[in-house]
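The values are calculated or read from the model by the stated rules, or taken from the named source; none is laboratory data. Keep in mind that what you see is a predicted model, and the values were worked out from it rather than measured. Note that we place each Cβ from the backbone using ideal geometry, even for glycine, and neighbour counts take in every protein chain shown.
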Amino acid sequence: MTAVCKPYGTFARPPVLLEHWEFDAPVGDMTTVLPDGCRDLIILQGRGRRPQCFVTDLATGADQVPVRAGDHFNGFRLQPGVRLDADSLLASMHDGLDDIAIKERLHDFATPQPQVSEALACLATGVASVSDAAAMLGVHLRSLQRLLKRETGQAPVFWLRLARARQAVVRLGHAAELADLAYDAGYADQAHMTREFRGWFGTTPHRIRADAGWLTRNFAAGYGA
């Protein structure tokens, strides 16, 4: 994959909201949540309970989340790298807000970070290393590291690895050989890709490929793919 990065200052102001999603739990069970590089404002409505409002943390690995039958999740996924005043946002929420009003609240308490968006976009282009991304962006490596650690809580290598894994899993169904996919995705070999899949998704490429509905059930819009 050929990486092409735009230098700082050439991006338009990024939006705040990536996606509005909803999920109804038909039965009480565990649902898999995978790392997508985003934080979500979620309003959870359950039978016989008052609505609960919370903001998710940035996930670093696959997690199993319990749900109850009849739970309704109304989610607002923020763009990767958006700065969010989560405490103030949650303090402003109250019963009766419709989706339009909630989106307006998000714009009050979420701030796009153009330099962060540009850095994350570069790291998701297939660059071989963080050093290469810094060079393409025209900044010092330490400056890139400080920026992303300060604004996202994660180092650039986290974002590079996450984008690589998410892009590889999307291409899994179209690759004839896993070894070829690993090479094309930038992994040292198939074993390296398998270790990364286990870390990010809690399973292996072989098992995902054998489960035709895995992507539909588990994969969400987010960073890099």
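Just a few scattered comments:
- Filter pass, Leu144 being closer than 22 Å to Ala59 by Cα, touching a Leu at 6+ places or on another chain (Cβ under 9 Å), in a helix (DSSP H, G or I) and in contact (Cβ under 8 Å) with a residue 40 or more places away in the chain: no
- Every residue from region 20-56 that is part of a strand (DSSP E or B) and in contact with a Pro (Cβ under 7 Å, 6 or more places away or on another chain): Met30, Ile43, Leu44, Gln45
- In region 33-43, the residue that is nearest to Gln79 (Cα to Cα) out of those that are crowded, with 18+ Cβ neighbours inside 10 Å and among the aliphatic types (A, V, I, L, M) is Leu41.
- Residue identified as within 19 Å of Tyr223 (Cα to Cα) and not in a strand (DSSP E or B) among Ser88, Ser117, Ser131: Ser117
- Residues of region 87-119 that turn out to be farther than 18 Å from Phe54 by Cα and in contact with an Asp or Glu (Cβ under 7 Å, 6 or more places away or on another chain), as a count: 2
- Any hit, region 109-131, residues being more than 24 Å from Ala163 (Cα to Cα) and modelled with pLDDT of 95 or more: yes
- The residues in region 119-159 that are surrounded by 21 or more Cβ atoms within 10 Å (Cβ to Cβ), within 22 Å of Phe76 (Cα to Cα) and touching a Ser or Thr at 6+ places or on another chain (Cβ under 9 Å) can be counted, and the count is 2.
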